[in-house]
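Q: Got a structure for you, written out below as structure tokens; questions coming shortly.
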Amino acid sequence: MPAATLLCTKTFIYGNQSVIHGRQEYNSAFGRNVKLSETSSRLGLKLKVKKSIQLGRRRPVFTTRAGGGDGVDSVIERDDKLRKLTQAILWNAEGVYVLWLFLLPYAPGDPVWAISSETVNDLVGLSLNFFFILPLLNAGGIHLIEAPVLHPMSEGLFNFVIGWTFMFAPLLFSDRRRDRFKGSLDFLWGFQMFLTNTFLIPYMAIRLNKGDSEYPPRATSQLGSIMTRGASVVGLVGGAACLLSTFWAFYGRGDGDFGSISDRWEFLLSYLSSERLAYAFIWDICLYIIFQPWLMGDNLQNIQEDKVGIVRYLRYVPVVGLVAYCLCLDLEDEN
């Protein structure tokens, strides 16, 4: 079989180099050896690396040249089928999510079209206690607005999910595939803060679209710039909110009649099986456990070079991985 040639044009900042030696590529940007795949070896692929210096994001671009391209075409076709299958699964998941959690009456609690006034009042109270700002102010003697008194387990669960959602902002605004989403990322993340995966699932599907070469990468919005430049603050605030939420759920409002830890745990189980909002939060947590390592794995090139290794492993740890991404985001690369 004639040897096919694969040309890899990769953009590096500050002149990081890629060196081919034998059958290994050493990439100094990540400080590790990357072996050529067995598939490439069987197809007789020759890898060439073209080095260039360009301001902006690092974008690997792969093109093929004539000569024994059947094997390469089969690999590309297989990847394209996998991409389409993943998109189909995500769009179906979105349909199930909306139907099951919002419209159908079979899940615990009331659907959105039959929501009770008690649920609305609880939702308003939870929103007022966002990140425990009002309860903490009241505890410190500041009573400009009195915080609604709700069960600490429900407050803890609500703020845990919101704190986790808050930390997705730097990840979304630095996602290398964000240009495939033609809408506003500002609105997407804003709605995600209120309706979580209702908007994140479609984004995960849309970002798998093929790149559109007709449109250049869009400039980052003002909100996006704030969230990426202040990623470390976002990570610390979101991580602290999640940590405080866990503590608050088991020990918060100790002067109230909310019982011991076992009593609170029993309340949580009852809450999850009777309230649609709480039940939906469990879905959100499960989906975040999937989407966090997925998005982070696609964007490890945004991490400071000496922190890539630790972030690669921490991305599988719920919440903690996203905190690590925010703290280790390479701001020079994003700027």
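Q: Taking interchain pairs and intrachain pairs at least six residues apart, which have beta carbon atoms under 8 angstrom, with the first residue in region 135-157 and in a loop (DSSP other than H, G, I, E, B) and the second of a type in the set (S, T, N, Q) and surrounded by 15 or more Cβ atoms within 10 Å (Cβ to Cβ)?
A: Glu146/Asn138; Ala147/Asn129; Ala147/Asn138; Pro148/Asn129; Leu150/Asn129
Q: Of the conditions (1) under 25 Å from Pro111 (Cβ atoms); (2) touching a residue at least 24 places away in the same chain (Cβ under 8 Å), Ile289 satisfies every one except a single condition; which number is it?
A: If we test Ile289 against (1) under 25 Å from Pro111 (Cβ atoms); (2) touching a residue at least 24 places away in the same chain (Cβ under 8 Å), just (1) comes out false.
Q: Let me ask another. Determine, yes or no, whether Trp265 is surrounded by fewer than 17 Cβ atoms within 10 Å (Cβ to Cβ), in contact with a helix residue (DSSP H, G or I) (Cβ under 9 Å, 6 or more places away or on another chain), at pLDDT 95 or above and within 27 Å of Pro108 (Cα to Cα).
A: Criteria met by Trp265.
Q: While we're on this one: Quick check: anything in region 151-161 in contact with a Lys or Arg (Cβ under 7 Å, 6 or more places away or on another chain), surrounded by 14 or more Cβ atoms within 10 Å (Cβ to Cβ) and not aromatic (Phe, Trp, Tyr)? Don't jump to the end; show me each part of the working.
A: Of region 151-161, the ones in contact with a Lys or Arg (Cβ under 7 Å, 6 or more places away or on another chain) are 152-153.
Then keep just the ones that are surrounded by 14 or more Cβ atoms within 10 Å (Cβ to Cβ); that gives 152-153.
Applying the additional criterion that residues be not aromatic (Phe, Trp, Tyr) yields 152-153.
Yes, region 151-161 contains at least one residue that is in contact with a Lys or Arg (Cβ under 7 Å, 6 or more places away or on another chain), surrounded by 14 or more Cβ atoms within 10 Å (Cβ to Cβ) and not aromatic (Phe, Trp, Tyr).
Table: residues versus (1) at negative phi; (2) part of a helix (DSSP H, G or I); (3) touching a residue at least 40 places away in the same chain (Cβ under 8 Å); (4) not assigned by TED's automatic domain parsing to the domain that holds Leu99.
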site	(1), (2), (3), (4)
Asp186	yes, yes, no, no
Gln192	yes, yes, no, no
Thr220	yes, no, yes, no
Ala241	yes, yes, yes, no
Phe250	yes, yes, yes, no
Asp255	yes, no, no, no
Ser270	yes, yes, no, no
Ala280	yes, yes, yes, no
Trp294	yes, yes, yes, no
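Q: Quick one: is Ile310 in the same structural domain as Leu123 (by TED's automatic domain parsing), surrounded by fewer than 16 Cβ atoms within 10 Å (Cβ to Cβ) and within 14 Å of the chain's Cα centre (by Cα)?
A: No: the conditions fail for Ile310.
Q: Quick check on this structure: which one of Leu123, Leu104 is under 27 Å from the mean Cα position of the chain (by Cα) and either closer than 27 Å to Ser274 by Cα or modelled with pLDDT of 95 or more (or both)?
A: Numbers: Leu104 fails: under 27 Å from the mean Cα position of the chain (by Cα).
Of Leu123, Leu104, the one residue that is under 27 Å from the mean Cα position of the chain (by Cα) and either closer than 27 Å to Ser274 by Cα or modelled with pLDDT of 95 or more (or both) is Leu123.
Q: Is it true that some residue in region 121-130 is touching a residue at least 60 places away in the same chain (Cβ under 8 Å) and of a type in the set (S, T, N, Q)?
A: No: region 121-130 contains no residue that is touching a residue at least 60 places away in the same chain (Cβ under 8 Å) and of a type in the set (S, T, N, Q).
The values are calculated or read from the model by the stated rules, or taken from the named source; none is laboratory data. Predicted, not measured: the structure shown is a model, and the values here were computed from it. Positions of Cβ are generated from backbone atoms using ideal geometry, with glycine treated the same way; all protein chains shown enter the neighbour counts.
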